[in-house]
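Peer 1: This structure is in structure tokens; I'll ask about it shortly.
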Amino acid sequence: MKGVILGICPAARLIDLTHDVPPYDVAAAQLALEAAVPYFPRGTVHLAVVDPGVGSARRPLLVEAHGQRFVGPDNGIFTFALDGGGWSAVVLESPALQLATVGRTFHGRDVFAPAAAHAARGLGVSAFGSAVTDPVRTPLPRARRDGADVVGEVVATDHFGNLVTSIRAEDLDAMDGTGPPVVGLGTANLGPLRPAYAEGPPGRPAAIIGSSGRLEVFVREGSAAATGAARGTSVRVSRRSAL
């Protein structure tokens, strides 16, 4: 893919965001993009290929939103970029902007990499194909209120074994009461939020607001995934002294 991009746009600056997304895990890819995209400058082209539907009828897309461009499969991976208005999308259907031979198993190389390269050269969106008004959206789970509490769930596990949740910092800011937020994972009481990973009790899970602005469950110098909690495990935050 990098060779294809550089062959079309030699001036491209290529940055690998991550190669640690689990195979087929569109939600994890969306989380990685959601966390990183705001820190890239206007005009950046984001190429994301987590594509379990490769070779099927799923559409290849180019999305333009928030001054940046996104190239990848129409499987919900860019849902976060479609929030609000001001976006446009097209299907990648121009043979001139793909490799001469397009196989059924590696559209990252044959379709998406050429499109990203031409987009980086500044080619207008309309040149790639016809407009798409109904891109697939797969919203990530969101936190909800349960009385005075905030309830969410684990949505992903990162490289360190931290459990990333659907609860955001702003969800906690909106809570009623004045006591410190106390976090529960499943039936376990993790105690109050910690200000730093180093403040976690050795060998025991604790909670923190991570750099993406989401509540995470971690084990200091260990793996919270080893607790057996996984995607879908309930997380509850209360301002009561105990859960």
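Peer 1: Identify, from the list Arg168, Arg121, the residue that is surrounded by fewer than 20 Cβ atoms within 10 Å (Cβ to Cβ), in the same structural domain as His19 (by TED's automatic domain parsing) and more than 13 Å from Val217 (Cβ to Cβ).
Peer 2: Numbers: Arg168 fails: in the same structural domain as His19 (by TED's automatic domain parsing).
One residue alone meets the criteria, Arg121.
Peer 1: Which one of these is buried (at least 21 other Cβ atoms within 10 Å of the Cβ) and assigned by TED's automatic domain parsing to the domain that holds Val164: Ala224, Ala230, Ala188, Ala196? Spell out how you get there, then give the answer.
Peer 2: Details: Ala230 fails: buried (at least 21 other Cβ atoms within 10 Å of the Cβ); Ala188 fails: buried (at least 21 other Cβ atoms within 10 Å of the Cβ); Ala196 fails: buried (at least 21 other Cβ atoms within 10 Å of the Cβ).
Exactly one residue qualifies, and that residue is Ala224.
Peer 1: Whether any residue in the range 146-157 is closer than 27 Å to Ala29 by Cα and not in a strand (DSSP E or B) is what I want to check.
Peer 2: Within the range 146-157, none of the residues are closer than 27 Å to Ala29 by Cα and not in a strand (DSSP E or B).
Here's the yes/no breakdown for (1) in contact (Cβ under 8 Å) with a residue 12 or more places away in the chain; (2) within 24 Å of Asp83 (Cα to Cα):
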residue	(1), (2)
Pro135	yes, yes
Arg142	yes, yes
Arg145	no, yes
Asp149	yes, no
Val155	yes, yes
Phe160	yes, no
Asp171	yes, yes
Thr178	yes, no
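Peer 1: Moving to a separate point now. Could you check the range 72-88 and list, in sequence order, the residues that are within 11 Å of Arg59 (Cα to Cα) and in contact with a Leu (Cβ under 8 Å, 6 or more places away or on another chain)?
Peer 2: Those that are within 11 Å of Arg59 (Cα to Cα) and in contact with a Leu (Cβ under 8 Å, 6 or more places away or on another chain): Gly72, Pro73, Asp74.
Peer 1: Of all residues being among the β-branched types (Val, Ile, Thr) and out of contact with any strand residue (DSSP E or B) (no Cβ under 6 Å at 6 or more places or on another chain) in the range 165-208, which is modelled with the lowest pLDDT? Just the residue, please.
Peer 2: Result: Thr178.
Peer 1: Continuing with the same structure: Being crowded, with 18+ Cβ neighbours inside 10 Å, over 30 Å from Ala230 (Cβ atoms) and free of Cβ contacts under 8 Å to residues at least 24 places away in the same chain narrows it down to one residue among Ala96, Ala65, Ala32, Ala57; which is it?
Peer 2: Of the residues listed, the single one that is crowded, with 18+ Cβ neighbours inside 10 Å, over 30 Å from Ala230 (Cβ atoms) and free of Cβ contacts under 8 Å to residues at least 24 places away in the same chain is Ala65.
Residues are listed down the side, and each one gets a yes or a no for (1) under 19 Å from the mean Cα position of the chain (by Cα); (2) farther than 23 Å from Val21 by Cα; (3) among the hydrophobic types (A, V, I, L, M, F, W, C):
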| position | (1), (2), (3) |
| --- | --- |
| Val136 | yes, no, yes |
| Leu140 | yes, no, yes |
| Glu153 | yes, no, no |
| Val183 | no, yes, yes |
| Gly191 | no, yes, no |
| Gly203 | no, yes, no |
| Arg239 | no, yes, no |
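Peer 1: Would you confirm whether or not the range 30-52 contains a residue that is touching a His at 6+ places or on another chain (Cβ under 9 Å), more than 25 Å from Ala156 (Cα to Cα) and of a type in the set (A, V, I, L, M, F, W, C)?
Peer 2: no
Peer 1: Looking at (1) assigned to a loop (DSSP other than H, G, I, E, B); (2) of a type outside the set (S, T, N, Q); (3) out of contact with any Ser or Thr (no Cβ under 9 Å at 6 or more places or on another chain); (4) in the same structural domain as Ser223 (by TED's automatic domain parsing), which is the only condition Asp134 fails?
Peer 2: (4)
Peer 1: Related question: Looking at (1) among the hydrophobic types (A, V, I, L, M, F, W, C); (2) farther than 23 Å from Gly53 by Cβ; (3) not in a helix (DSSP H, G or I), find the lone condition where Leu6 falls short.
Peer 2: Of the numbered conditions (1) among the hydrophobic types (A, V, I, L, M, F, W, C); (2) farther than 23 Å from Gly53 by Cβ; (3) not in a helix (DSSP H, G or I), the odd one out for Leu6 is (3).
Peer 1: Something else now. Could you list all residues from the range 84-100 that are assigned to a loop (DSSP other than H, G, I, E, B) and closer than 21 Å to Pro10 by Cα? Spell out the reasoning first.
Peer 2: Going residue by residue through the range 84-100, those that are assigned to a loop (DSSP other than H, G, I, E, B) are 84-87, 92-94, 98-100.
Those that are assigned to a loop (DSSP other than H, G, I, E, B) and closer than 21 Å to Pro10 by Cα: Gln98, Leu99, Ala100.
The values are calculated or read from the model by the stated rules, or taken from the named source; none is laboratory data. Just so you know, these numbers come straight off a predicted model, no measurement behind them. Cβ sites come from the backbone with ideal geometry, for glycine too, and all protein chains shown count toward neighbours.
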